[in-house]
Amino acid sequence: MIEMDITKKLFSAQGEFTLSLQLNIEQGEFISLFGESGAGKTTLLRCLAGLEKPDAGSIKVNGETWFDSKNKFMLPPRHRHAGYMFQDYALFPNMSVRGNLEFALRPGAKRQRVEELIELMGLGELQQRKPDTLSGGQKQRVALARALAAEPCMLLLDEPFSALDHATRVRLQDEVLRLQRHYGLTTVMVSHDVSEVYKLSQRVMVIEQGSIAKQGSPAEVFKAGQSSGKFSFAGEVLDIETADVVFAVTLLVGNQIVRVIATPDEVKNIKQGDRVMLLSKAFNPVLVPVRSS
Amino acid sequence: MDYDLQPLLLTFKLAAITTLILCLIGIPFAYWMAYTKVRIKPVLETLVSMPLVLPPSVLGFYLLLAFSPQSAFGHFVETWIGLKLAFSFSGLVVASVIFSFPFLVHPVQSGFQGLPRSLTEAACTLGKSRWQTFVHVLLPNIKPSLLAGVVLSFAHTIGEFGVVMMIGGNLPGETKVAAIAIYDEVESLNYDAANFYALVLFSVCFIILLSVYLLNRKMLVKVG
């Protein structure tokens, strides 16, 4: 259980604003922080990990105080054991893949854990390689394995898939989900990818200008409460063509490209590149623009 | 012809001791400078760099004043630590450390600054202490900078003349290093001996620098 109530002044390109957040996260929950860059998502994550200090407020994890501005207390990051995955992966270049994992072990931990993670993440072939020789997806897997090697009490993911190609991204999302379930880890992920948030998280918080604008299950948050559809997929509009009275819309859903027919009404509010939800309502699919803000 | 090897040995002894002390002081200092946010950082940076631009005689002159037993500092060191700094080998070591300081600090500091901050942060979140991070993560990843710093300060100490001249004088076995010996031999028109010292210094410095460039290239190739 994470209880957080913090404020912090932030300086962005648009000017100064105050990050002011109050949130509770249940044990084992997968939460996404969604929003535009510069909204304060990463800062929130860094405050949780202890890499940044809030101006005021408190952070409590499983009843233990991590930060309390009233008592001027801040638990240093190395005592928090929060598994943080950095956007640039931050693998130690001087150590092999195995070395990176072994370095992360807590004092007294069994070496067995490294073997287990190497097995679990399929890193066997790569274990003697240096990080510089790995591809982006491989680095990401090592970073995840390394974070887990330290037996974290939570997993903090800062845009973990942003630098990867689509196929790798989908594969790694599955992997993260599998491991998160396997270890029952409370996970907080920063992302601005709707389909990713949709796929992974149980709860999403939309952060705007430093505060929570909206929160709920991904379906509630992104569908804006309009649908009663049975199936729903998040997608991106690749192309809109006119075909007589109707429109043919080409969508990227997951890693598939699909073409659906849409009415002029539906197409009115969407344009190329927009994020949409594709809902299957009985036999005719319905397009609804995604409202992220 | 029989040459006196003492000035050469003294030179290398001075360079070795100076480099050792510089590593002990300079590497932690460079680390601190790389990450500190204190206001006086520009002032400190300027002070560290001063030996690069000042004529050695300026530094030598002030050190001479400071080292003299009549000055507060010289008096203190002589009575409390028992070291006579003016015209002594220990004085040369102190002066060389100050004089070669930027040659170690600059490359090492920029080495630290060139490392992504996330490396330190990653080690932190993995529960590692500052010391563990420093030894196992930071230092091994700035090896080329460390090598450059160590070699440059060693070579620079070998090449020192002005400061030694000012505060060391020309005492055989104590302060008469090779650079001084060359000057001395030339003054007494003993060109053969001067040439011998000069040639040794030239070759040694050439070989040291060459091996650094070769090694660094190899390291860079390995990393890239």
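Of interest is the spacing of the C-alpha centroids, which for segment B:180-205 and segment B:56-81 amounts to 29 Å.
Oblate is the label for segment A:17-68, because a/c, from the alpha-carbon gyration tensor with a ≥ b ≥ c as root eigenvalues, is 1.5 or above and a/b does not exceed b/c. Taking the three principal axes of the alpha carbon atoms in segment B:66-224, the coordinate ranges are 63, 42, 18 Å, sorted in descending order.
The orientation-averaged projected area of the convex hull spanned by the Cα atoms of segment A:104-205 comes to 6.8 nm².
Net length available on complete extension from A:HIS166 to A:THR133 is 9.8 nm, with 0.36 nm assigned per residue and the Cα-Cα distance removed. Rounded to the nearest 500, the 222 nm mean residue ellipticity of the protein assembly as shown from helices alone is -14500 deg cm²/dmol, with -39,500 (n - 2.57) taken per DSSP H run of at least 4 residues.
Phi-derived couplings, Karplus 6.51 cos²θ - 1.76 cosθ + 1.60 at θ = phi - 60°, listed residue by residue for segment A:76-85: x, x, 6, 9, 8, 6, 9, x, 9, 10 Hz, with x used for Gly and Pro. Just check chain A against the gyration tensor rule for me: Cα atoms, a ≥ b ≥ c as the square roots of the eigenvalues, rounded for a/c under 1.5, and otherwise prolate or oblate depending on whether a/b exceeds b/c. Taking the square roots of the gyration eigenvalues as a ≥ b ≥ c, chain A is oblate.
About its Cα centre, chain B has a charge dipole of approximately 1420 debye under the convention of +1 per Lys or Arg Cβ and -1 per Asp or Glu Cβ, with nothing else charged. Ranking B:ILE25, A:PRO264, A:VAL97 by Cα position along the charge dipole of the protein assembly as shown, where only Lys, Arg, Asp and Glu carry charges on their C-beta atoms, puts A:PRO264 farthest toward the positive end. Note on the protein assembly as shown: dipole from Cβ charges, positive end direction compared against A:PRO218, A:SER37, A:LEU155; the farthest Cα belongs to A:PRO218. Neighbour counts of other Cβ atoms within 10 Å put B:TYR197, B:TYR191 in the fewest-to-most order B:TYR191, B:TYR197. Pairs of lysine residues in segment A:11-110 that meet both criteria, 8 or more places apart or on different chains and Cα atoms under 29 Å apart, total 9. Annotation: the residues B:CYS23, A:CYS47, sorted from fewest to most other C-beta atoms within 10 Å of their own C-beta, follow the order B:CYS23, A:CYS47. What whole number of Å gives the distance from the Cα centroid of segment A:115-162 to the Cα centroid of segment A:1-46? About 25 Å separates the Cα centre of segment A:1-46 from the one of segment A:115-162. Rounded, prolate or oblate: which fits segment A:36-165, taking a ≥ b ≥ c as square roots of the Cα gyration tensor eigenvalues, rounded meaning a/c under 1.5, else prolate when a/b beats b/c? It is oblate, given that a/c is not under 1.5 and a/b is not larger than b/c. Of all beta bridges that DSSP places with both ends in chain A, some 75 percent have antiparallel geometry.
Applying a DSSP loop filter and a limit of 12 other Cβ atoms within 10 Å to the trypsin sites (Lys or Arg not before Pro) in segment A:53-158 leaves A:LYS70, A:LYS72, A:LYS110, A:ARG111. Using θ = phi - 60° in the Karplus curve 6.51 cos²θ - 1.76 cosθ + 1.60, the 3J(HN,Hα) couplings for segment A:211-217 round to 9, 7, 7, 7, 8, x, 6 Hz; x is entered for Gly and Pro. Our note on the geometry: Cα centres of segment B:152-166 and segment B:93-128, 23 Å apart. For a label point 7 angstrom out from the Cα of B:ASP4 toward its Cβ, which stretches of segment B:187-202 have the backbone nitrogen within less than 16 Å? It comes to B:187-198, nothing else. I want to make sure I understand the PRE zone here: with the label point 7 angstrom from the Cα of A:LYS70 toward its beta carbon, which residues in segment A:1-43 have backbone N atoms less than 20 Å away? Label zone hits: A:2-8, A:20-25. Taken along the Cα-to-beta-carbon direction at a fixed 7 Å, the label points for A:ASP274 and A:VAL246 span 1.8 nm. Shielding of peptide B:109-122 by partners, expressed as the average count of other chain Cβ atoms within 10 Å per residue Cβ, is 4. Look at the stretch A:86-94: the mean tally of other chain Cβ atoms within 10 Å of its residues' Cβ atoms is 6.
What is the distance, in nm, between label points placed 7 Å from the Cα along the Cα-to-Cβ direction at B:LEU24 and at A:ALA109? For B:LEU24 paired with A:ALA109, the spin-label model returns 3.6 nm.
In chain B, which whole DSSP H runs stretch at least 24 Å along their own axis (Cα) and average 0.0 or higher on the Kyte-Doolittle scale? Qualifying helices: B:6-35, B:89-114, B:191-223. Here the Karplus relation 6.51 cos²θ - 1.76 cosθ + 1.60, evaluated at θ = phi - 60°, turns the backbone of segment A:32-48 into coupling constants of 10, 9, 10, x, 5, 5, x, 8, x, 5, 5, 4, 4, 4, 5, 5, 5 Hz, with x for every Gly and Pro. Note on A:ILE25, B:ILE158, B:ILE40, B:ILE25: ascending count of other Cβ atoms within 10 Å places them as B:ILE40, B:ILE25, A:ILE25, B:ILE158, the fewest first.
Each reported figure results from applying straightforward, stated rules to the coordinates on display, with no laboratory input. Worth saying up front: this structure is predicted, and the values here are computed from it rather than measured. Please note: Cβ atoms are built from the backbone with ideal geometry, for glycine as well, and neighbour counts cover all protein chains shown.
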